[in-house]
1. Within 16 Å of ligand 1 (Cβ to nearest atom), within 18 Å of Ile270 (Cβ to Cβ) and surrounded by fewer than 24 Cβ atoms within 10 Å (Cβ to Cβ): does that describe Ser334?
2. For the structure I just gave you, tell me whether Tyr110 is part of a helix (DSSP H, G or I) and under 23 Å from His289 (Cα atoms).
3. For the range 353-375, check the following and say yes or no: at least one residue is farther than 30 Å from Gln149 by Cβ, buried (at least 21 other Cβ atoms within 10 Å of the Cβ) and modelled with pLDDT of 95 or more.
4. Any idea which residue in the range 203-236 is nearest to Gly157 (Cα to Cα), counting only those that are within 16 Å of ligand 2 (Cβ to nearest atom), assigned to a loop (DSSP other than H, G, I, E, B) and free of Cβ contacts under 8 Å to residues at least 60 places away in the same chain?
5. Residue check: is Ala345 surrounded by fewer than 21 Cβ atoms within 10 Å (Cβ to Cβ), at pLDDT 95 or above, more than 23 Å from the chain's Cα centre (by Cα) and part of a loop (DSSP other than H, G, I, E, B)?
6. Look at the range 42-89 and say how many of its residues are touching a strand residue (DSSP E or B) at 6+ places or on another chain (Cβ under 8 Å), among the aromatic types (Phe, Trp, Tyr) and not in a strand (DSSP E or B).
7. When only residues in the range 237-259 that are of a type outside the set (Phe, Trp, Tyr) and in a loop (DSSP other than H, G, I, E, B) count, which is nearest to ligand 1 (Cβ to nearest atom)?
8. Return the total of residues in the range 178-210 being out of contact with any Gly (no Cβ under 9 Å at 6 or more places or on another chain), closer than 30 Å to Leu243 by Cβ and not polar (S, T, N, Q).
Amino acid sequence: MSQLILGQTFSFTGNPWHMPAGEAVRHIRRGAVLVADGKIIAVDEADTLIAAHPAAKITDHGEGLIMAGFVDSHAHFPQTAIIASWGKRLIDWLNTYTFPEESRFSDPDYAAQVANTYLDLNLGNGITTASAFCTIHPASVDAYFSAAQARGLRMLGGKVMMDRNAPDNLRDTAKSGYDDSKALLQKWHGVERLSYVITPRFAPTSTPEQLEATGALWAEHPDTLMQTHLSEQHEELAWVKELFPEHSDYLAVYEHFGLLGPGAIMGHSIYLADREWDAIRDAGASIAHCPTSNAFIGSGLFHAVRAHALGIRTGLATDVGGGSSFSMLRTMASAYEIGQLRNDALHPAQLLYMATAGSAQALHLEDKIGNLEAGKEADIVVLDLASTPVIRQTAARADNLWEALFPTLMLGDDRAIKAVYIAGKRHSG
Ligand code: GUN
Ligand code: ZN
């Protein structure tokens, strides 16, 4: 049974970080997406597709802008309930809010409850794929993947590993972290649309023994991704230097333990030395840009232009709950503002690219998701470009697509999410 989704369609035909936005985007004012068996079959003029597929079921979103669902390249589902917690900087924030909350995930019922809330909030914000850190508890991973499976989502995630500098009840060991991660990987990786991601929290919370075991696990499972944090705050950098004095810089620690490779996703990556930028590029590793988090925790200004100039796979990320919003629209607004503080005025096409195709590339899923084009999975969001009075009055003056879109990117939130499709099925939220 095929269906046609009607509205304005928005697809990337190229990368707006490397060519003019007008050449990188195909926008059809009265377009349609033909969907069958959970996949996008065609994107074209509505009249053309309706004539060619008279039996298809039609859903008309009018002026709604149909595009690929948002892809969040780095988040912490167990931090859902502590989002927007006041105060202090990264290390205090972890100790004061994050670790006490994460310790509650030893309870499978609590883990299930938060996993469900997290995914519903994601869907309400048009996020159809995310790569999430769970907690050290295997039950948190089971809860997360079970909730994703129940919704038919393409989701990624993994058990956090940490065996030092964390409370007693939030530490695994080099051996148990390896064993538990391996068992969870074998249980969930490749099941339906789920992918396991090897997840050492960050260098300061793992002993060299744990990092070594993690590198060994990844070497045994090279088809999995590995996610961690890199170079987020000055105090963290100083701490890494103190804990690993023998390594020349932060990235060198991960490199030493075999944790830099094409499937590595480095969250934040704000304070990189030239050598580290080049090493990330040479390894083909990815970066997750977490702008609301970097502003909220006071971390700093990520250099998005440099990452793209180097050709690094760069995704956009909420980093919930260090990040201050579940909305990828709010996250794009934050990325724009951080660009402005660096004197880089990012184009709306570049922001949208990072939030969809760029994140898909960062997660090595660009052949499956991240763009509204034939062959991709039908994970789709429909945006209302006039979702609030203030957006409506500004957008009404627009002379072109970008002027029509930009108010929603800067001022929009979950009210702008008109519809979400998961593998072609409309989500009723
Ligand atoms: N570094 C290590 N753990 C975390 C975390 O949970 N959030 C953020 N923003 N940074 C981290
Ligand atoms: Zn994070």
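1. Considered against the rule, which asks whether it is within 16 Å of ligand 1 (Cβ to nearest atom), within 18 Å of Ile270 (Cβ to Cβ) and surrounded by fewer than 24 Cβ atoms within 10 Å (Cβ to Cβ), Ser334 comes out as no.
2. Spelling it out, it is not the case that Tyr110 is part of a helix (DSSP H, G or I) and under 23 Å from His289 (Cα atoms).
3. No.
4. Within the range 203-236, the match that is nearest to Gly157 (Cα to Cα) is Ser206.
5. Considered against the rule, which asks whether it is surrounded by fewer than 21 Cβ atoms within 10 Å (Cβ to Cβ), at pLDDT 95 or above, more than 23 Å from the chain's Cα centre (by Cα) and part of a loop (DSSP other than H, G, I, E, B), Ala345 comes out as no.
6. Looking only at that region, the number is 1.
7. Leu259
8. Looking only at that region, the number is 10.
The values are calculated or read from the model by the stated rules, or taken from the named source; none is laboratory data. From a predicted model like this one, the values you see are computed outputs, not experimental measurements. FYI the Cβ positions are ideal-geometry reconstructions off the backbone, even for glycines, and counts take in every protein chain you see.
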